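Participant: Submitted below is the structure of interest, expressed as structure tokens.
The values are calculated or read from the model by the stated rules, or taken from the named source; none is laboratory data. Bear in mind the structure is a predicted one, so any value in this text is a computation, not a measurement. Reconstructed Cβ throughout: ideal geometry from the backbone, glycine too, with neighbour counts over all protein chains shown. For the accessible areas, the whole protein counts, side chains as well, though only heavy atoms, and no ligand, DNA or RNA atoms are used. Shrake-Rupley method; radii C 1.70, N 1.55, O 1.52, S 1.80 Å.
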Amino acid sequence: MLYYAMVMAAVVMFGLQFFCNQQYERECKSGLSASMMFIFGGAVAGLVVLLAVNGFKWEFTPFTVLMASLAALDGMAFSFCSLKALGKINLSLYSLFSMLGGMVLPFCLGVFFFDEQFTVGKAICLVAVIAALLMSVEKGTAKGGTVYYIGVFVFNGLSGVISKFFQASELPKTSEAAYSVWTAVMTALISGVILAFVWKKSPLKLNAKAVVSMAGNGILNRVANFLLLLSLAYLPASVQYPMITGGVMIVSTLLGYFSPNKPKAREWIALALSFVGIMALVLL
């Protein structure tokens, strides 16, 4: 039960990230400089916390740095596709592509490549969460850019795939905390280089609210992913990632109740479906 609790703690953190993102966008918009600064600043803030978690120790293996670099590149690609996709489709449709990718790809990896058992509970959860996602989508017209929607789906899914490969590998590797540190380091380096190129053309002014939102997002994201990496050593990917998707939907809906845009009836139905799916996953 400890590892289920860790997953749910990570889910709450992912849900809280939404408020940090909203606040930052209100203060700085979503141009390239603002986006790179958001990624860079969040990675640095998360790095400090992760170093503290790891006792300010540096661990190194070539395999760890390689996988951390892949995770950083994947995260950057996901952020780029997200920015492009959000300019074409509404938020609910974007969330559909993102969460389906984050659930389906690691699920299939676990079942087909790591011999994780396909149970009745997993089947019910998968169907229930997909139904919940479809239920939550609002009508809207897409304006092209199919490649970016596919990118959101694939790159968010690859995040879980990379984590699973790292955790399951028997090659010499560091602790989970050190891997998370290296991922933050590589993200900061890559986004910092891009930021240096775009800053002169489009300088950005940061206020206190933007800095707090940027740091809060980075810390929540890095700690949440660290918890998921820890739990992935004990929970199958085909259990963990459907639980994350369903859990994020539940948390987002509940948090939305305290915002000006109250959840609609179909969103409460989606919440109920997600809850049923998670219960099936845990109990069956």
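Participant: Test VAL181 against the criterion of being surrounded by 21 or more Cβ atoms within 10 Å (Cβ to Cβ) and touching a helix residue (DSSP H, G or I) at 6+ places or on another chain (Cβ under 7 Å), and give yes or no.
Facilitator: Yes: the conditions hold for VAL181.
Participant: Give me the pairs: first residue in the stretch 182-198 and closer than 12 Å to MET36 by Cβ, second residue open to solvent by 50 Å² or more (accessible area, probe 1.4 Å) and part of a helix (DSSP H, G or I), beta-carbon distance under 6 Å, and six or more apart or on different chains, which are they?
Facilitator: Once the first residue is closer than 12 Å to MET36 by Cβ and sits in the stretch 182-198, its partners that are open to solvent by 50 Å² or more (accessible area, probe 1.4 Å) and part of a helix (DSSP H, G or I) give ALA188/PHE40; ALA188/VAL44; SER191/PHE40; GLY192/PHE40; LEU195/PHE40; VAL198/LEU32.
Participant: Ok, one more. Provide a single number: the residues in the stretch 124-145 that are at pLDDT 75 or above and of a type in the set (Val, Ile, Thr).
Facilitator: Restricting attention to the stretch 124-145, the residues satisfying the condition of being at pLDDT 75 or above are 124-135.
Imposing the further condition that a residue be of a type in the set (Val, Ile, Thr) reduces the set to 124, 127, 129-130.
Residues that pass the stated criteria total 4.
Participant: Among all residue pairs at least 6 apart or on different chains, which show Cβ distances below 9 Å where the first residue, located in the stretch 120-148, is of a type in the set (Lys, Arg) and the second is at pLDDT below 80 and not in a helix (DSSP H, G or I)?
Facilitator: Hits for this filter: LYS122/LEU284; LYS139/ASN90; LYS143/GLY87; LYS143/LYS88; LYS143/ILE89.
Participant: Also, quick follow-up: Is at least one residue of the stretch 165-177 assigned to a helix (DSSP H, G or I) and of a type in the set (Ser, Thr, Tyr)?
Facilitator: Step one: list which residues in the stretch 165-177 are assigned to a helix (DSSP H, G or I), which gives 165-168, 176-177.
Remaining after also requiring of a type in the set (Ser, Thr, Tyr): none.
For the stretch 165-177, residues assigned to a helix (DSSP H, G or I) and of a type in the set (Ser, Thr, Tyr): absent.
Participant: Identify, from the list SER252, SER202, SER274, the residue that is open to solvent by less than 20 Å² (accessible area, probe 1.4 Å) and either part of a helix (DSSP H, G or I) or touching a residue at least 24 places away in the same chain (Cβ under 8 Å) (or both).
Facilitator: Details: SER252 fails: open to solvent by less than 20 Å² (accessible area, probe 1.4 Å); SER202 fails: open to solvent by less than 20 Å² (accessible area, probe 1.4 Å).
Selected residue: SER274, the only one of SER252, SER202, SER274 that is open to solvent by less than 20 Å² (accessible area, probe 1.4 Å) and either part of a helix (DSSP H, G or I) or touching a residue at least 24 places away in the same chain (Cβ under 8 Å) (or both).
Participant: Which is in a helix (DSSP H, G or I), at pLDDT 90 or above and either of a type in the set (Gly, Ala, Ser) or open to solvent by less than 20 Å² (accessible area, probe 1.4 Å) (or both), of ALA188, ALA210?
Facilitator: Among ALA188, ALA210, only ALA188 is in a helix (DSSP H, G or I), at pLDDT 90 or above and either of a type in the set (Gly, Ala, Ser) or open to solvent by less than 20 Å² (accessible area, probe 1.4 Å) (or both).
Participant: I'd like the full set of residues that are out of contact with any helix residue (DSSP H, G or I) (no Cβ under 7 Å at 6 or more places or on another chain) and either open to solvent by less than 20 Å² (accessible area, probe 1.4 Å) or part of a helix (DSSP H, G or I) (or both), limited to the stretch 42-60. Write out each step before concluding.
Facilitator: So the first thing to find is which residues in the stretch 42-60 are out of contact with any helix residue (DSSP H, G or I) (no Cβ under 7 Å at 6 or more places or on another chain), and the list is 48, 52, 55-58, 60.
If the condition is that a residue be out of contact with any helix residue (DSSP H, G or I) (no Cβ under 7 Å at 6 or more places or on another chain) and either open to solvent by less than 20 Å² (accessible area, probe 1.4 Å) or part of a helix (DSSP H, G or I) (or both), then VAL48, ALA52 are the ones that fit.
Participant: Being in a helix (DSSP H, G or I) and either under 30 Å from PRO172 (Cβ atoms) or open to solvent by 50 Å² or more (accessible area, probe 1.4 Å) (or both) narrows it down to one residue among LEU96, LEU100, LEU16; which is it? Spell out how you get there, then give the answer.
Facilitator: Details: LEU96 fails: either under 30 Å from PRO172 (Cβ atoms) or open to solvent by 50 Å² or more (accessible area, probe 1.4 Å) (or both); LEU100 fails: either under 30 Å from PRO172 (Cβ atoms) or open to solvent by 50 Å² or more (accessible area, probe 1.4 Å) (or both).
Criteria check complete, one pass: LEU16.
Participant: Given the conditions (1) in contact (Cβ under 8 Å) with a residue 60 or more places away in the chain; (2) open to solvent by 50 Å² or more (accessible area, probe 1.4 Å), which single one is not true for GLU170?
Facilitator: With respect to (1) in contact (Cβ under 8 Å) with a residue 60 or more places away in the chain; (2) open to solvent by 50 Å² or more (accessible area, probe 1.4 Å), GLU170 is out only on (1).
Participant: Would you point out the residue of the stretch 22-68, among those that are closer than 18 Å to LYS209 by Cβ and charged (D, E, K, R), that is modelled with the highest pLDDT?
Facilitator: So, considering only residues that are closer than 18 Å to LYS209 by Cβ and charged (D, E, K, R), the one modelled with the highest pLDDT is GLU27.
Participant: With LYS29, LYS57 as the choices, which residue is closer than 22 Å to LYS200 by Cα and of a type in the set (Lys, Arg)? Reasoning before the result, please.
Facilitator: Details: LYS57 fails: closer than 22 Å to LYS200 by Cα.
Step by step, each of LYS29, LYS57 is checked, and only LYS29 is closer than 22 Å to LYS200 by Cα and of a type in the set (Lys, Arg).
Participant: Kindly establish whether LYS29 is in contact (Cβ under 8 Å) with a residue 12 or more places away in the chain and open to solvent by 30 Å² or more (accessible area, probe 1.4 Å).
Facilitator: Details: in contact (Cβ under 8 Å) with a residue 12 or more places away in the chain: no; open to solvent by 30 Å² or more (accessible area, probe 1.4 Å): yes.
No: the conditions fail for LYS29.
Participant: Something else now. In the stretch 204-214, is there at least one residue being within 18 Å of the chain's Cα centre (by Cα) and within 24 Å of ALA178 (Cα to Cα)?
Facilitator: Yes.
Participant: With respect to PHE226, determine if the residue is under 20 Å from PHE14 (Cβ atoms) and hydrophobic (A, V, I, L, M, F, W, C). Even if it seems obvious, please write down each step before you answer.
Facilitator: Numbers: under 20 Å from PHE14 (Cβ atoms): yes; hydrophobic (A, V, I, L, M, F, W, C): yes.
Yes: the conditions hold for PHE226.
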